[in-house]
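This report concerns only the one structure given below.
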Amino acid sequence: MTTLLLEYFNYWFSILKTDTFVVYLLTGMYKRGNLFVCFFISAFLCCAFSCQFAFAQASNRDEIFLKAKELLGNNPDETIKVGQHLVSLEDNHSKISAVKRLVSEAYLVKGDYHNALVYAFEAGYDFERLAIEDKIEVLLLKSSILFDLSLDAQANTYLKQAEDYVGMVENSSLKDDFENNLLLHEIMVLVRKQNFSKSAVLFNDTNAFLDKNVDLKQEFNIAKGFVFLNLKQLDSARIYFDKALDFSSKRKTESFFEKSVVLAEKSKVFFVEKNHQQAIALLNESLNLAKKINNVPLFRLVNKQLSVNYLALNDKPNYQLYNNEFLVLDGKLEEMEEESINSAFNLISEEYDRNFVVEENKAKNKLYIFLVGTVLLMVISIAFYLKNSWKRKRLNEIIKYLEISKNLFHKPATIEVKPSDKRMFIPIETEQLLLAKLKRFEQSTRFTSNDISLATLASQFDTNTKYLSEIINKHYEDNFNTYINKLRINFIIEKLKSDPNYIHYKISYLAEKCGFSSHSSFATVFKAITGITPATFIELLKEDLDKEKEEEVLDEM
């Protein structure tokens, strides 16, 4: 899309760039009074020039970044200057992170671990906003520097995070590159622990995609040379060092740092073979390259190797010269490493504090959202409850209404002989006779008389009140009053169901009809027995009758 836009604007620039044409066009339009057209053309030209300028700026920054990357191995100071300038121009988080990683790598080329760490941690400052690929690069860079400073525990933390993010990479080719990079890190960790045999075995785990990433393949060649050298497999070590030197010489811009390291390591092959003159020649070449990039750790390594080679040749003057230089550099390097380690802990601590604040803010935001959500949910729930509470009440009333269709009291089918458990003894014949009389009583309407009592009924049954009370309690599990009330309520319910006129009567009339002396006592007993008020029952009964009528009309249609 960007390319197409550039082509489009360049096409118009090829027409409009001549001053004569633009002036003639705008002047002619102005004289004809076409001010709107003049404004439109001017606006178009401004937009076109602005877009081309913005695209050109972005394109130029990308080109500068690539050139700075090419200078990394032979002019790290220039890479640092360019990188610091680019950081001030960029506003894209991924690009800023990439530039800061490049500056960090440039400081590594110089052997300045302190500044390398500073920029590595700055590259991951907006970590959450970076793409997964950038996150992995930042974590691997931090891990590599911390391993170099022998801070293995801290380095492993970042390496583990990088492994987790690599598993999220969707691009298969890119994922293979990262997996090879992780493998290289694992190998170098084993090398630092001097576990060279296991390191050599791990080289077999590299995948085919390694051939497509020439820079990573170069790192593997150097690592292989180093491992085989320590395994005393000199021929294999020489082969990989030669491959690394050959590749280095074919680079578009030769890396002094890379070549200096390989030459210093290859010199060890000749040292083991006691070819000290050849080793010294390689070390001198390495030293000259190291001076161009001013890398103290590399100076120290080369001077140490030169001193031991001259010692092997019994050349005491040169031995003392390079050994003294080595001791000076060793002390300087120790101070640099101590500063770098302090910086590492400070940066890790600051990052931890920053991440803690970020996580704390996230937790607070989540808490606020949760609280707001909870309050909102409570408000909605209360509103919903208030809105629908009558529905729940109605549902309970309907359930009670449906249950009323069942018998309101237990009527015994047969007489069971139960243990006396302190009950009054009543002869079986008497019990049967009283139950039969109760059945006939229930089928009558005598219970609707408001002067009915236990004594009255006992007199009618030619028995005593104790016998009658005992029979009712035993077989109906109610006292006399509850027994009578249930008969009355059942009676009026049947009337309401069977005679449509009853649903239009007043509650006071219904109370009187079934034997209650007042409206209030009837309503209280009705609700106690059925669970709903008489008015609610009548209302539900009306709804049922209306539905039945609707169904009858539909059937007739």
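The values are calculated or read from the model by the stated rules, or taken from the named source; none is laboratory data. Note that the coordinates shown come from a computational prediction; the quantities given were computed from them, not determined experimentally. We place every Cβ from the backbone using ideal geometry, glycine too, and count neighbours over all the protein chains shown. For the accessible areas, the whole protein counts, side chains as well, though only heavy atoms, and no ligand, DNA or RNA atoms are used. Shrake-Rupley method; radii C 1.70, N 1.55, O 1.52, S 1.80 Å.
Computed values, structure above
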quantity	calculated
Count of residues meeting criterion [modelled with pLDDT under 85 and not in a helix (DSSP H, G or I)] in region 185-233	4
Check on residue 507, touching a Pro at 6+ places or on another chain (Cβ under 6 Å) and farther than 27 Å from residue 430 by Cα	yes
Selection count where residues are touching a residue at least 60 places away in the same chain (Cβ under 8 Å) and among the acidic types (Asp, Glu), scope region 461-486	2
Pair list, Cβ < 9 Å and 6+ apart or interchain, from region 174-203 residues that are without any contact (Cβ under 8 Å) to a residue 40 or more places away in the chain and β-branched (Val, Ile, Thr) to residues that are open to solvent by 20 Å² or more (accessible area, probe 1.4 Å) and assigned to a helix (DSSP H, G or I)	191/226; 191/230
Members of region 267-308 that are among the polar types (S, T, N, Q), surrounded by fewer than 19 Cβ atoms within 10 Å (Cβ to Cβ) and farther than 21 Å from residue 228 by Cβ	277, 284, 288, 294
Pair list, Cβ under 9 Å, 6 or more apart: region 426-449 residue more than 23 Å from residue 488 (Cα to Cα), other residue among the aliphatic types (A, V, I, L, M) and open to solvent by 30 Å² or more (accessible area, probe 1.4 Å)	428/415; 428/417; 431/415; 432/415
Among (1) open to solvent by 60 Å² or more (accessible area, probe 1.4 Å); (2) in contact with a helix residue (DSSP H, G or I) (Cβ under 7 Å, 6 or more places away or on another chain) - the single one residue 425 does not satisfy	(2)
Residue count, region 305-341 (criterion: under 30 Å from residue 156 (Cβ atoms) and either among the aliphatic types (A, V, I, L, M) or touching a residue at least 24 places away in the same chain (Cβ under 8 Å) (or both))	9
Which listed residue is small (Gly, Ala, Ser), modelled with pLDDT under 80 and exposed (fewer than 12 other Cβ atoms within 10 Å of the Cβ), from 33, 28	33
Failed item in (1) without any contact (Cβ under 8 Å) to a residue 40 or more places away in the chain; (2) part of a helix (DSSP H, G or I), with residue 344 passing the rest	(1)
Residue check for residue 255: closer than 30 Å to residue 172 by Cβ and at pLDDT 85 or above	yes
Candidates 141, 182, 159, 174, filtered to the one that is touching a helix residue (DSSP H, G or I) at 6+ places or on another chain (Cβ under 8 Å), under 26 Å from residue 341 (Cα atoms), modelled with pLDDT under 90 and assigned to a helix (DSSP H, G or I)	182
Residue 228 over 24 Å from residue 251 (Cα atoms), of a type in the set (Phe, Trp, Tyr) and in contact with a Ser or Thr (Cβ under 6 Å, 6 or more places away or on another chain)	yes
Test: residue in region 322-333 that is among the aromatic types (Phe, Trp, Tyr), open to solvent by 50 Å² or more (accessible area, probe 1.4 Å) and touching a helix residue (DSSP H, G or I) at 6+ places or on another chain (Cβ under 8 Å)	no
Lone qualifier among 252, 259 - being under 24 Å from residue 291 (Cα atoms) and part of a loop (DSSP other than H, G, I, E, B)	252
Within region 527-557, considering residues that are assigned to a loop (DSSP other than H, G, I, E, B) and either among the β-branched types (Val, Ile, Thr) or more than 29 Å from residue 481 (Cβ to Cβ) (or both), the one least open to solvent (accessible area, probe 1.4 Å)	532
Those residues of region 118-159 which are closer than 24 Å to residue 193 by Cα, of a type in the set (Phe, Trp, Tyr) and open to solvent by 10 Å² or more (accessible area, probe 1.4 Å), in sequence order	158
